[in-house]
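The block underneath contains the structure these notes are about, expressed in structure tokens.
The values are calculated or read from the model by the stated rules, or taken from the named source; none is laboratory data. Keep in mind that this is a model prediction, so the values were computed, not measured. Ideal geometry is used to build each Cβ from the backbone, glycine not excepted, and the neighbour counts take in all protein chains shown. Accessible surface areas use protein heavy atoms only, side chains included; no ligands, DNA or RNA. Shrake-Rupley method; radii C 1.70, N 1.55, O 1.52, S 1.80 Å.
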Amino acid sequence: AMAASGIRDHVGGGFHRYAVDYRWRVPHFEKMLYDNALLASAYIEVWRAAGDEEFAEIAREILDYVSREMTSPNGAFYSATDADSLDGATGEREKGLYFTWTIEELKQPLGVDDAAIAAALWSVDDEGELEGRNVLRRELGLTEIAERFEMSGADLDAKVDAIREKLLAARASRPAPLRDD
């Protein structure tokens, strides 16, 4: 349930500290190294006990995030990523801006068809949870998404990987939150 919720960074991997709503849709957008270290260990243990590859994939995503965004060039670890990032239009710091999306922001790097898949996969709509912006979360299973778009599970998996890569690249062009380095 945590992995499907809004506290998981479905694009960049890792988990935000906690949710600020009772449905776990909206996180406090800060990401802590120690939380992610413990969660990676927990997901690996569950994968080893249950044998479900989804748990292994989540652990890999966490470790990829830590390697990519929380590790210095000399191998030291950064401790936290801030919840706020700079809004390029207003110059103000805004909570969650870096991690949230509108449908139009999905369409820019993905195109209309892949944006529709991403919107269905991560429950993105015109309203959003934060003033028209959406926190990505999974409310539908992959089987439902594959059926809706008349794709095989393997084709959907490949499509989701490609979508994540494009969204991660698009997000990298945004002002990033401060990092406690």
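This table checks each residue for (1) among the polar types (S, T, N, Q); (2) within 27 Å of Gly153 (Cβ to Cβ); (3) at pLDDT 95 or above; (4) not in a loop (DSSP other than H, G, I, E, B).
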position	(1), (2), (3), (4)
Tyr43	no, yes, yes, yes
Phe55	no, yes, yes, yes
Ala59	no, yes, yes, yes
Asp64	no, yes, yes, yes
Gly91	no, no, no, no
Asp113	no, yes, yes, yes
Asp125	no, yes, yes, no
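For region 48-83, which residues satisfy the criterion of being over 21 Å from Ala169 (Cα atoms), charged (D, E, K, R) and either in contact with a Leu (Cβ under 8 Å, 6 or more places away or on another chain) or open to solvent by less than 50 Å² (accessible area, probe 1.4 Å) (or both)?
Within region 48-83, no residue meets the criteria.
For region 66-85, give me the residue count where each residue is part of a helix (DSSP H, G or I) and small (Gly, Ala, Ser).
1
Quick check on my filter: what residues within region 102-147 are over 19 Å from Val26 (Cβ atoms), out of contact with any Leu (no Cβ under 8 Å at 6 or more places or on another chain) and open to solvent by 40 Å² or more (accessible area, probe 1.4 Å)?
Matches in region 102-147: Glu104, Lys107, Gln108, Val112, Asp113, Ala116, Thr143, Glu144, Glu147.
Can you tell me which residue is nearest to the chain's Cα centre (by Cα) among those in region 1-47 that are open to solvent by 70 Å² or more (accessible area, probe 1.4 Å) and hydroxyl-bearing (Ser, Thr, Tyr)?
Across region 1-47, the extreme among qualifying residues is Tyr18.
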